[in-house]
Amino acid sequence: MYAFTYHRATGLRQAGNMLGKLEDSKILAGGQTLLPTMKQRLASPANLIDLGKVDGLKGIELKGRSLVIGAMTTHSEVATSPVVQQAIPALAELASMIGDPAVRHMGTLGGSIANNDPNSDYPAALVGLGATVITTKRRIEADAFFTGLFETALEADEIITKVSFPVPKKAAYMKFRNPASRFALVGVFVAKRSSEIRVAVTGAGASGVFRVPAFEEALKKRFSPKSLEGLSIPATGLNSDIHGSAEYRAHLVGVMARRAVAKAG
Amino acid sequence: MSATGIGAPVRRKEDYRFITGKGQYTDDLTRPGQTYITFVRSPHAHARIRRIDASAAKGMPGVVAVLTGADLAADKVGSLICGWAITSKDGSPMKMAPHPAIANTKANHVGDPVAVVVAETQAQAKDAAEKVVVDYEVLPAVVDPAKAQAKSAPQIHEVAPGNTIYEWHLGDQKAVEAAFKGAKHVTRLDIVNNRLVPNAMEPRAAIAEYDAGNDSLTLWNTTQNPHVARLVISAFVGIAPEHKLRVIAPDVGGGFGSKIFIYPEEVVCLWAARKVNRPVKWVSERTEAFVADAHGRDHVTHAEMAFDGEGKILALRAKTIANLGAYMSTFSSSVPTYLYATLLSGQYEIPQIYCEVDAVYTNTVPVDAYRGAGRPEATFVVERLVEVGAREMQIDPADLRRRNFVKKFPHQTPVIMAYDAGDYNASLKKAMELADVKGFAKRKRESARAGKLRGLGYSTYIEACGIAPSQAVGSLGAGVGLWESAEVRVNPTGSVEVLTGCHQHGQGHETTFAQVVSDRLGIPIENVSVVHGDTDKVQFGMGTYGSRSGAVGISAIVKALDKVEAKAKKVASHLLEAAEADIVFENGQFKVAGTDKVAAFGDVALNAYIAHKFSGQELEPGLKEGSFYDPTNFTFPAGCHICEVEVDTETGQVEVVAWTAVDDFGKVINPMIVEGQVHGGIAQGVGQALLENTTYDTDGQLVTGSYMDYTMPRADNLPSFRVETTETLAPSNPLGIKGCGEAGAIASPAAVINAITDALGTEEIAMPATPAAVWAALQKVNQSRKAAE
């Protein structure tokens, strides 16, 4: 780890100002990716702005037909929350599958989606559920939020405050883990709302989370694993590495999608 | 059996300090005035070092020294060595290339040290290390052992043309060829035994301290064999004379072989400590360990087994290319030769065996012994050949094994080993019962109903442990003897310290060795301490590896205990005023036979030291005896492991659903510890078979350089194990111990792959059988099925 300056923010406005003004600064929102990367000297921000003591960024609340989760809420809090388990059990389960207990007790929703690791779980849930990311500046639809590998629509001094998830009728997440890292080799989040069906895939795409319109169309006719039989996605644009070829990942997208639909019931 | 004696499942005495965080590992130690060292490592697999500019690094804050290979050469620090001489078929010696602790002219693998920085803090050392400018001329690299000998392959060391270290063989080639000519059936296999990264929980570490007043050095080091380290560093590297170098191996958190070897880092710490006249500390990081610790396995083999019409094995032949990496590590040469080919007879009566082994250099991390060392590779070859042979000849695989088991002992194999005791039918039978092999067909149908494939695989393995009779290994090229030493010191109050030349780094010696003493002397186990891991305390010893500490280390203790008892009887005869011949020792008491005269062990111990009851002419005071025990044979643990898997055909995911292990370890001192050893061994073997996939790209970059890509086995990769033992005593040592540390890792890879290939109906699956690999194999099976239709 290189030397850096640690700042403990006490308010959101102050944090946003620091983020805009301090050179080479990063938000510390759990640090479960950032700190290991810094320890390996692969990242070297000059300033870390810790949101841990900023009020109002934690919490889970059911507001009408939406589940609103504060950005600094940990994966463990989401996984074990009766409110989440009741409203969107698939989301609680997804959170319970992130990393290991230590990671889940430190890592946060906001930190995870701001990092947008292409193999992480939350992007699939946000896109799959059609969630809205609420920041210090605006509301961003999930479809527009994740813009590429480790890239988001966030501006340099913009901070995520909460995420609003519409409560679906049915939803499920199926994750096929990378055997080594236990990140998603392929994760598929399927959700059915009255108006639409969404199928979002993480882990497989060379530019991060993506939707599968062909699967969504097929499921609109009938929400059943049978509707997806024989359907697959092209391997082009998918990751290929020692853990699986693009063809294998393309195949797994179909398998995990069918299993997710079956699980959603 | 007493509650703490031989055979009792005594809780491990050492665990209190480990689980309460009071262990003292090398990294826990801090010496006054300590500095920190960081190694600048080559980012290239093969590169000439044109120039090193250390000027910027030297000017960085806190830097004490920047040292290079040129400085090391100028100080005439010797090369690291491989201590086991192997002779090629043509009579030529192995081609051992120089291995400077810091590369001077050429880096030969990613991670090869090219310079070091010594600084006041670890962070300062790291910062300065980044400022060392190395001008490299990048050269083409070779990483694949099968390609290393090609004419087009880059030449790594001048002394080894074609990158060939030796071309060795064992067995009677002509007799084997004749046997194959007469065969009714021949099974052929191409096998890659995948390279593994050891990954002990505690990364390697060293602290070196120079005492200018006495011109002596002390090294705290994560080593499995402190005396061997001292010997090599003194006699070959020439850092300090043996009596001026103390090596301490404090608590060590796992080794699995990787901490046997004498590495560049500890040599450099010692050299640098004298140079800067301050203690120098190095603690490896996990990422560093991937490129700095010797790897394991990495064989490419073609093997064939010849059968007669009744399924009797007539002969086996194998040609193996063994990748030893960029340099010959300490015992690397012995692993693919005398620890491998000598075990190719398995549990079977095989009249003729011939094995050729070419060892090659590549631009990869050096390869040396890793849990099992040669024997897992041999077991994999034999057990895959037998299993595939059974399928090809449509003979039940258990039945084919039974037809070929060695049943009469002693049994001389055609490859050196003389098996002295065993009952292979017994372990197979018991394992089949426990695994409910009869119910497998039903379970397979149930899996099929759930859309899954189920398979069952056997591995009836043998290994040679208790390494080893010194004369025997000497005749095979070993540079050292492999006896063990022990000293039993009885204190005046009757408590006992046992000094052993073995070293524990997870095996539980502080418990098992104390059990042997408690059992023999009839004293509470709390009254026994085991002392090890310090060359100033224990005079000499060969350390712990090769499952030798029970068979060899405990045997030395037993011999010393014999002497203690004999001496104590003399003391007791004076104390009890009886003839020495009339003294018997039972349940911790000395008795005069036929009388009620009794002296407790503690009384005798006290009298040995106060010496009031005998004169110095009659008897020396004190009660302390030592022994050197040299085994008369290897020991031959053997057993049967049965693995059952379920394969998800849609994803290729293999789940190990059941595991049965029935092992014959001879006399078991502590069944709980033995079971733990078996569990760990199986986990490592399953890791090799399913998960661990050390991958280099063609440029020689280690692709699997962290846990993000290198898959370690985890609890959820494994089922609950059924572990049982059978017992035939090893005739070569006093208690009949065979050894248990490596059995799990030796037996299990073949059992897993035999189960997977049984499930898939194809033999075309290599280790590790990752989901992607299994899925690809299934695609091939389906395609060929479609083509056939």
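The values are calculated or read from the model by the stated rules, or taken from the named source; none is laboratory data. Note that the structure is a prediction, hence the values are computed from the model and not measured. Note that each Cβ is placed from the backbone with ideal geometry, even for glycine, and that neighbours are counted across all protein chains shown. Surface accessibility is based on the protein's heavy atoms, side chains included, excluding ligands, DNA and RNA. Shrake-Rupley method; radii C 1.70, N 1.55, O 1.52, S 1.80 Å.
Excluding B:ALA303 itself, what net charge comes from residues whose Cβ is under 13 Å from its Cβ, given Lys and Arg +1 and Asp and Glu -1? Each step should come with its number before you reach the end.
Numbers: positive: B:ARG188, B:ARG317, B:LYS319, B:ARG384; negative: B:ASP190, B:GLU304, B:GLU356, B:GLU377, B:GLU383, B:GLU387, B:GLU763.
So the environment of B:ALA303 carries a net charge of -3.
What aspartates and glutamates could a cross-link reach from B:LYS174, if we take a straight Cα to Cα line under 16 Å and drop same-chain neighbours fewer than 8 places away?
Here the aspartates and glutamates satisfying the reach criterion relative to B:LYS174 are B:GLU304, B:GLU356.
Order A:SER245, B:SER333 by their accessible area, 1.4 angstrom probe, all chains in place, largest first.
Numbers: A:SER245 40, B:SER333 0 Å².
From most exposed to least exposed: A:SER245, B:SER333.
Using helices alone, I'd like the mean residue ellipticity at 222 nm for chain B: each DSSP H run of four-plus residues gives -39500 (n - 2.57), total over residue count, nearest 500. Write out the running numbers ahead of the final one.
Values: 20 runs with 213 residues, N = 789.
That calculation yields -8000 deg cm²/dmol at 222 nm.
Just which residues of the stretch A:137-186 lose 30 Å² or more accessible area with every protein chain there, against their chain alone, with the probe set to 1.4 Å?
Flagged in the stretch A:137-186: A:PHE176, A:PRO179, A:ALA180, A:SER181, A:ARG182.
Using only the Cα atoms of the protein assembly as shown, each taken as one equal point scatterer with no solvent, compute I(q) by the Debye sum, divide by I(0), and report log10 of the ratio at q = 0.07, 0.08 Å⁻¹.
Those come out to -0.72, -0.93, one per q.
What is the antiparallel percent of DSSP beta bridges lying wholly in chain B, to the nearest 5? Write out the running numbers ahead of the final one.
Values: 103 of 130 bridges.
Expressed as a percentage, antiparallel bridges in chain B total about 80.
Taking the radius of gyration and the Kirkwood hydrodynamic radius from Cα positions alone, what is the Rg/Rh ratio for the stretch B:389-441, to two decimal places? Working shown, then result.
Values: Rg = 13.6 Å, Rh = 12.8 Å.
Rg/Rh for the stretch B:389-441 comes to 1.06.
Quick one: if the Förster radius is 56 Å, what FRET efficiency do B:ALA441 and B:THR20 give, using the C-beta to C-beta distance and rounding to 0.05? Walk me through the numbers before you get to the answer.
Values: r = 50 Å, r/R0 = 0.90.
Efficiency at R0 = 56 Å is approximately 0.65.
What ranking do B:260-268, B:10-18 get when scored by the average of other Cβ atoms within 10 Å per residue, highest first?
Numbers: B:260-268: 25.4, B:10-18: 15.8.
Highest to lowest by the protection proxy: B:260-268, B:10-18.
Going by the alpha-carbon gyration tensor, a ≥ b ≥ c the square roots of its eigenvalues, is the stretch A:53-189 rounded (a/c under 1.5) or, if a/c is not under 1.5, prolate (a/b greater than b/c) versus oblate? Please list the in-between numbers first.
On the way: a/c = 1.31, a/b = 1.11, b/c = 1.18.
Verdict is rounded for the stretch A:53-189.
For chain A, find the longest principal axis of its Cα atoms and tell me its angle to the long axis of helix A:12-21, 0 to 90°, nearest 10.
Tilt of helix A:12-21: around 80 degrees.
Given a 1.4 Å probe and the protein chains all in place, what does the accessible area of B:TYR710 round to, in Å² to the nearest 10?
B:TYR710 has an accessible surface of roughly 0 Å² with all protein chains in place.
Any idea how many Lys pairs in the stretch A:1-91 come in under 24 angstrom at the alpha carbon, given 8 or more places apart or on separate chains?
Numbers: A:LYS21/A:LYS53; A:LYS26/A:LYS39; A:LYS26/A:LYS53; A:LYS26/A:LYS58; A:LYS39/A:LYS53.
Step by step, the pairs that qualify in the stretch A:1-91 add up to 5.
For the B and A pair, go ahead and give the buried accessible area with a 1.4 Å probe, both sides summed, in Å² to 100. Show your work: numbers first, answer last.
Details: alone 29370 and 12300 Å², together 39800 Å².
Interface area, both chains combined: 1900 Å², rounded to the nearest 100.
Could you work out the mean count of beta carbons from other protein chains within 10 Å of each residue's beta carbon in B:772-784? Mind showing how you got there, number by number?
Working: counts 12, 2, 0, 7, 4, 0, 0, 3, 0, 0, 0, 0, 0.
Mean shielding by partner chains, rounded to a whole number: 2.
Counting only protein heavy atoms and a 1.4 Å probe, tell me what percentage of the stretch A:5-50's accessible area is made up of carbon and sulfur. List each step's numbers first, then the result.
Working: 1280 of 2570 Å².
That share works out to 50 percent.
If you bin every alpha carbon distance in chain B into 10 Å steps from zero, what whole percent lands in each bin?
The calculated distribution, bin by bin, is 3, 13, 22, 24, 19, 12, 6, 1, 0, 0.
Where both partners of a DSSP beta bridge lie in the protein assembly as shown, what percent of those bridges are antiparallel, to the nearest 5? Before the final figure, lay out each step's value.
Working: 140 of 175 bridges.
Antiparallel: roughly 80 percent of the beta bridges in the protein assembly as shown.
Report the net charge of residues surrounding B:ASP716, where surrounding means a beta-carbon distance below 14 angstrom and charges are Lys +1, Arg +1, Asp -1, Glu -1. Before the final figure, lay out each step's value.
Values: positive: A:LYS175, A:ARG177, A:ARG182, B:ARG714; negative: A:ASP100, B:GLU655.
Computed value for this residue: +2.
If R₀ is 45 angstrom, what is the calculated FRET efficiency for the pair B:LYS429 and A:GLU229, using the beta carbon separation as r and rounding to 0.05?
On the way: r = 47 Å, r/R0 = 1.04.
After rounding, the FRET efficiency stands at 0.45.
How much solvent-accessible surface does B:LYS569 expose, in Å² to the nearest 10, with a 1.4 Å probe and all protein chains in place?
B:LYS569 has an accessible surface of roughly 50 Å² with all protein chains in place.
Separation of the stretch A:214-265 and the stretch B:209-231 by C-alpha centroid, Å?
What the calculation gives is 60 Å, centre to centre.
Express the accessible area of chain B per residue in Å², computed with a 1.4 Å probe while the remaining protein chains stay in the model. Numbers along the way, then the final one.
Values: 28460 Å² over 789 residues.
Per residue, chain B has an accessible area of 36 Å².
Report, ordered by chain and residue number, the aspartates and glutamates lying within cross-link reach of B:LYS22, taken as a straight Cα distance under 17 Å and ignoring same-chain residues fewer than 8 apart.
Partners within reach: B:GLU14, B:GLU202, B:ASP251, B:GLU510.
Per residue in the stretch B:697-729, which ones lose no less than 30 Å² of accessible surface when going from chain alone to all protein chains (1.4 Å probe)?
Flagged in the stretch B:697-729: B:MET708, B:ASP709, B:THR711, B:ARG714.
Leaving out same-chain residues fewer than 8 places away, which lysines sit with a Cα under 16 Å from that of B:LYS667?
B:LYS738
Averaged across the residues of A:241-252, what count of C-beta atoms belonging to other chains lies within 10 Å of each residue's C-beta?
Working: counts 4, 10, 7, 7, 3, 0, 4, 9, 1, 0, 6, 6.
Across the residues of A:241-252, the mean count of other-chain Cβ atoms within 10 Å is 5.
Mind pulling the per residue volume of the convex hull built on the Cα atoms of the stretch A:5-50? Å³ is fine.
On the way: hull volume 2.8 nm³, N = 46.
Cα-based convex hull of the stretch A:5-50, divided per residue, equals 61 Å³.
Leaving out ligands, DNA and RNA but keeping every protein chain, what accessible area does B:MET708 have, in Å² rounded to the nearest 10, with a 1.4 Å probe?
Probe radius 1.4 Å; accessible area of B:MET708 about 100 Å².
What does the net charge come to around B:VAL781 if you take all other residues with beta carbon closer than 11 Å to its beta carbon, with K and R at +1 and D and E at -1?
On the way: positive: B:LYS780, B:ARG785, B:LYS786; negative: B:GLU763, B:GLU764.
Local net charge: +1.
Which entries of B:LYS407/B:LYS444; B:LYS181/B:LYS429; B:LYS559/B:LYS591; B:LYS570/B:LYS591; B:LYS569/B:LYS597 have Cα-Cα distances beyond 24 Å here?
On the way: B:LYS407/B:LYS444 33 Å; B:LYS181/B:LYS429 34 Å; B:LYS559/B:LYS591 22 Å; B:LYS570/B:LYS591 12 Å; B:LYS569/B:LYS597 14 Å.
Pairs exceeding the cut-off: B:LYS407/B:LYS444; B:LYS181/B:LYS429.
Let me understand the stretch B:483-629 better: what is its radius of gyration from the alpha carbons, and its Dmax, in angstrom?
15.7, 48
Roughly to the nearest percent, how much of the accessible area of the stretch B:5-148 is carbon and sulfur, given a 1.4 Å probe? Don't skip to the answer; put the middle values down first.
Working: 3510 of 6500 Å².
Roughly 54 percent of what the probe reaches on the stretch B:5-148 is carbon or sulfur.
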